[in-house]
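Values quoted throughout were computed directly from the atomic coordinates according to the rules given, and no laboratory measurement underlies them. Computed from a predicted structure; not experimentally measured. Glycine gets a Cβ as well: all are built from the backbone with ideal geometry, and neighbour counts include every protein chain shown.
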Amino acid sequence: MTRFIFITGGVVSSLGKGIASSALGALLQARGYKVRLRKLDPYLNVDPGTMSPTQHGEVYVTDDGAETDLDLGHYERFTGVASRQSDNVTTGRIYSNVIARERRGDYLGATVQVIPHVTDAIKEFIRADLTDEDFCLCEIGGTVGDIESLPFLEAIRQLSNELGDEHSLFVHVTLLPYIRSAGELKTKPTQHSVKELLSVGIQPEILLCRAEQPIPDGERRKIALFCNIKPECVIAALDVDTIYQVPISYHEQGFDEQVLRYFGLPTERAPDLSPWRGIVGRMRAPEHEVNIAVVGKYTTLLDSYKSLSEALIHGGIANNARVKLNWLDSQVFEQPDTIEKLAGVHGILVPGGFGERGTEGKIRAAQFAREHKVPYFGICFGMQMAVIETARHLGTMPRATSSEFGTSDQAIVGLMTEWVRGNQLETRQAEGDLGGTMRLGAYACDLAKDSKVRAIYGSERIYERHRHRYEVNMAQRDMLEKAGLYMCGISPDGQLPEIVERRDHPWFIGVQFHPELKSKPLAPHPLFASFIEAALHQSRLV
Ligand code: GLN
């Protein structure tokens with residue numbers, strides 16, 4: 001039977017619980033166990049799909065088309081296990097299910113309450129869709145003490161009681177602030193946070209303490225004494241220079257060993273962490289360096305492009321190169337004489353985005369890349385912008401645009417209202433809901449034999465994840481191809497253009513999907529590896 005590890009956080013937010021959970025998942029996997037990771041988010045949105053990326057970070061899309069929290073991206077990058085809809089739930093989704101059941105009359109006249117109905121729905125979610133996993137790691141979003149997370153804490157308390165100690169473990173992530181003037185790590189906030197957890201009936205067995213400095217023995221014993229925890233279960237989570245060092249550091253601090261000991265599992269054989277050591281070694285001492293300009297919109301919160309920046313780092317790992325990212329707000333390029341900012345960069349990437357603001361700047365960036373033969377990678381919106389650029393300047397549509405920006409007789413990018421998924425026809429109305437109604441999740445795409453992408457992927461059919469409402473108009477294929485933009489990746493039914501590339505350019509590729517979602521440090525995505533390789537060539541030219 002699956003063992004559940006519940007991971008909560010205290011003292012402050014942004015402690016890196018997502019990375020902590022991912023790293024523990026990777027360590028258990030390296031010991032030969034099968035893991036799943038899940039996230040329970042206490043906000044009222046049904047999913048993060050409708051939240052601004054500058055507030056909440058990127059929306060991570062799974063193969064099965066769920067719009068989920070960005071932590072699921074970390075889970076996948078660290079463990080390689082593809083996340084599913086059943087791995088992320090929010091208070092909003094739980095309540096909306098409970099209320100739908102109430103309306104159907106499923107509760108047979110009962111008064112519907114937080115306990116037991118909401119907590120039961122949470123427990124159901126935690127246990128659903130598991131088969132032969134050895135461990136299911138459940139991260140509870142938010143900070144202990146928030147009103148919002150109470151139903152989740154109550155649900156995991158009940159669940160742990162039902163499962164018994166041999167099948168459930170509580171890990172609490174806290175902060176030991178370092179007070180410089182006193183030269184001390186302070187344990188009081190951790191003590192309070194554990195007290196807060198105890199007040200809802202949860203006694204953590206392992207504490208993961210984020211700290212800038214190693215924890216002195218005295219402090220460790222003090223935490224253990226006041227928090228009712230074995231001293232060896234007070235694990236130091238020290239700051240590190242790259243997140244991919246985290247599994248190694250946790251292992252050195254005995255985190256995985258304590259988890260296994262708790263469950264009475266063997267600990268003698270050390271996990272093989274050489275793949276992690278290998279990539280960290282490469283990242284710390286790369287042979288090369290490339291400068292990539294990312295011309296986007298949400299450049300104020302870098303978490304809004306989390307998977308993208310990680311995928312670029314992975315591309316660097318594949319090429320033994322440090323990838324220096326230059327985040328540029330595309331609106332800058334709408335001012336005169338600013339495009340020169342792109343002179344000397346080794347690659348230009350226009351990422352996904354929504355809405356008209358800044359699009360003319362993105363189009364200029366695509367034009368600059370095309371004309372100056374700088375490697376160009378257009379992702380989703382970035383592909384649409386490259387298509388508009390070509391249609392305007394080399395094709396026959398001087399006013400080419402997207403219907404996302406208003407009605408036009410030259411909308412080369414238009415609203416998708418019908419498409420095929422497997423054997424099913426999916427349809428959407430222009431005036432429908434915004435939440436959860438895009439083309440979402442993994443779709444197949446066939447690659448033309450003579451294309452560059454075919455060589456890059458090394459396969460005929462690929463599966464990549466989508467999240468968009470608009471698509472390039474297939475009826476303009478001839479015009480675009482005459483203008484040099486080869487439609488070399490198409491949906492198997494021949495209806496949807498998924499990839500374009502230029503043959504008169506060293507590396508100019510636009511993709512309608514989000515390849516960054518599937519890139520991993522131990523398995524860099526081929527498009528990112530190839531893009532960085534092209535940027536390396538470029539760096540030798542300029
Ligand atoms: N706004 C565009 C669309 O909906 C692109 C979306 C994206 O880049 N993810 O089609």
Which of the trypsin sites (Lys or Arg not before Pro) found in segment 345-394 are loop residues per DSSP with 15 or fewer other Cβ atoms within 10 Å of their Cβ? ARG357, LYS373
How much of the DSSP beta bridge set in the chain is antiparallel, as a percent to the nearest 5? 35 percent
Residues whose placed amide H lies under 5 Å from that of CYS380, excluding near-sequence neighbours: VAL511, GLN512, PHE513
Placing +1 at every Lys and Arg Cβ and -1 at every Asp and Glu Cβ, with all other atoms neutral, what dipole size does the chain have around its Cα centre, in debye to the nearest 20? 740 debye
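Just want to confirm a number: the relative contact order over segment 1-141, from Cα pairs under 8 angstrom separated by 6+ residues, in percent. Don't skip to the end; give the middle numbers.
Numbers: 222 pairs, mean separation 59.1, N = 141.
Contact order relative to length: 42 percent.
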1/(1 + (r/R0)^6) with r = Cβ-Cβ of GLU162 and TYR107, R0 = 22 Å, i.e. FRET efficiency to nearest 0.05, evaluates to 0.60
Cβ charges +1 (Lys, Arg) and -1 (Asp, Glu), total dipole of segment 239-333, debye: 220 debye
Once amide hydrogens are built 1.01 Å from N within the peptide plane, the residues lying 5 or more places from THR68 or on another chain with amide H under 5 Å from its amide H are TYR60, VAL61, THR62
LEU137's amide H: which non-local residues (gap 5+, or another chain) put their own amide H closer than 5 Å, with H modeled 1.01 Å from N in plane and none for Pro or chain starts? ILE5, ARG36, LEU37, ARG38
In order through segment 344-351: 3J(HN,Hα) via Karplus (6.51 cos²θ - 1.76 cosθ + 1.60), integer Hz, x for Gly, Pro: x, 6, 9, x, 10, 10, 10, x
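Quick one: compute the contact order of segment 449-542, relative version, from alpha carbon pairs under 8 angstrom and 6+ residues apart, as a percent. Present the calculation step by step, with values, prior to reporting the outcome.
Numbers: 92 pairs, mean separation 23.2, N = 94.
Value for segment 449-542: 25 percent.
Return a whole-number percent for the relative contact order of the chain, with Cα pairs under 8 Å and 6 or more residues apart as the contact set. Kindly include the intermediate steps, with their values, before the conclusion.
Working: 1122 pairs, mean separation 81.8, N = 542.
Answer for the chain is 15 percent.
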The exposure ranking of ASP329, ASP256, fewest beta-carbon neighbours within 10 Å first, is ASP329, ASP256
With each label point set 7 Å from Cα along the Cα-Cβ vector, what nm distance links SER52 and VAL114? 2.9 nm
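Could you tell me the calculated FRET efficiency between ALA82 and GLN424, based on Cβ-Cβ distance and R0 = 25 angstrom, to the nearest 0.05?
Details: r = 21 Å, r/R0 = 0.83.
Using R0 = 25 Å, I get an efficiency of 0.75.
Provide the net charge surrounding GLU76, with neighbours chosen by a C-beta distance below 9 Å and charges set as Lys +1, Arg +1, Asp -1, Glu -1. Display every interim value, and only then the final one.
On the way: positive: ARG77, LYS518, LYS520; negative: none.
Charge balance in the 9 Å sphere: +3.
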